[in-house]
Amino acid sequence: MKKKLLILGAFIILSTGTSFAAPLNNLDNEQTAVGLSGDAFYIEHKFGDRFTLGYQSIDRSYYGDMKDVYGQYQFSNNLRGIIGNRDFDYGDSSTYLGLGLHGALAPQLNGSASFITGDEFKELQVGAGYQLASNVDLNVTYTNFMPDYGRDKDEVAVGATLKF
């Protein structure tokens, strides 16, 4: 049943055209994750049972560097609410809201789909993470960045996450 919900959520998210650059990590209480994924670096920490606070830096070449501070609230094991603020290289910033779905696809393989939308952009991410060790994941993601003005940027990226 969980796989069906995750697949359904991914299709819904793909049809809305909106996401989040850092992969959704499944963290334990008081655990930290540091990772690289394509053109993004991120660090996040889970405080308590449901809240994760994070920071990411993204290089979108044509659009310059973007820096996000975000929070995730875990509504259930599979559903998260996302709120954040993205500072753009050209001086503007945009608050955004979104949702993320995360769940097991197979032993040691988790899938995720997330979307965010802000004043100046929408972003979609769909991906999977393979657990190489108890604290190391290999991630493959597809991200579509859609600014309100300018060209869309599609990216497939391979990355890694270290949890401690």
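The values are calculated or read from the model by the stated rules, or taken from the named source; none is laboratory data. The structure displayed is predicted, hence computed values, not measured ones. Reconstructed Cβ throughout: ideal geometry from the backbone, glycine too, with neighbour counts over all protein chains shown. In case anyone asks, the SASA skips ligands and DNA or RNA and just uses the protein heavy atoms, side chains included. Shrake-Rupley method; radii C 1.70, N 1.55, O 1.52, S 1.80 Å.
With every protein chain kept in place and ligands, DNA and RNA left out, what is the accessible area per residue of the range 46-164? Probe 1.4 Å, answer in Å².
On a per-residue basis, the range 46-164 sits at 49 Å².
Report the longest stretch of the chain that contains none of the trypsin sites (Lys or Arg not before Pro) sitting in a DSSP loop with at most 15 other Cβ atoms within 10 Å.
51-150
Tell me the angle of helix 2-16 to the major Cα principal axis of the chain, expressed in degrees between 0 and 90 and rounded to the nearest ten.
Compared with the principal axis, the helix lies near 10 degrees.
Pairwise over distinct Cα atoms, reciprocal of the mean inverse distance: report the Kirkwood radius of the range 114-164 in Å, one decimal place.
12.3
How large is the Kirkwood hydrodynamic radius of the chain, counting all unique pairs of alpha carbons, in Å?
Result for the chain stands at 15.6 Å.
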